[in-house]
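Right, one structure below, let's go through it.
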Amino acid sequence: MARTLSRKERNVIITGGIFLVGFLVVWFVLMPKRETLATLKSSVRAMRGELQELRKIESQYNRLKIETDPVMNRLDRRRKDFDLSAFVAETENRMNFTRAREIPSRPTTHGDFERRSATFIYSNKTLRQIVEFLQEVEKPDNVVGIETLRVTPKTATERSQFELYVKLFTVVRTR
């Protein structure tokens with residue numbers, strides 16, 4: 001029963017086999033690869049967005065680092081045991097500026113830094129004394145800032161003497 005195939009039948013079988021192999025290659029090899037490629041393309045698009053966001057964050061970080069480096073250098077040059085109240089007392093002694101009262105605040109910790117503040121109240125001061133004192137306290141190397149400032153006349157009729165209410169703050173490294 002072995003029958004030889006005619007040339008036409010052989011060509012039909014070869015063509016069918018080629019078609020079947022081609023179909024199997026496309027269905028089981030190329031289609032999964034195409035799906036994988038589409039998944040990879042969408043992942044690349046998502047990661048490009050994330051990369052742009054990271055570059056933006058890096059740029060902001062570098063800008064902030066440049067802005068804060070001078071302050072960090074001043075903090076590093078300052079005494080390690082810096083105390084705001086002691087600093088203000090030294091400045092007051094140097095300038096013959098007596099305080100009426102001090103109200104310390106609780107320090108607050110932010111990472112490696114601690115924010116310290118205190119309110120100082122002075123009375124019977126001239127505007128010139130107040131300005132000179134504040135200029136001395138707020139020099140950039142001191143890394144001390146003014147949070148609240150209120151200057152009021154001692155009395156409604158006496159306009160040459162004033163009361164000063166000032167809340168000062170500073171930042172200290174904790175580590």
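Derivation of every value follows stated rules applied to the coordinates shown; laboratory data play no part. Just so you know, these numbers come straight off a predicted model, no measurement behind them. Glycine gets a Cβ as well: all are built from the backbone with ideal geometry, and neighbour counts include every protein chain shown.
So here's what we get for this one:
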read-out	value
Whole-number Å³ per residue for the convex hull built on Cα positions in the chain	239 Å³
Residue 36/residue 113 FRET efficiency (R0 45 Å; Cβ-Cβ; nearest 0.05)	0.35
Residue 99/residue 72 FRET efficiency (R0 22 Å; Cβ-Cβ; nearest 0.05)	0.15
Per-residue [θ]222 nm for the chain (sum of -39500 (n - 2.57) over DSSP H runs n ≥ 4, rounded to 500)	-18000 deg cm²/dmol
Nearby lysines by direct alpha-carbon distance to residue 41 (threshold 30 angstrom, same-chain neighbours under 8 apart not counted)	33, 56
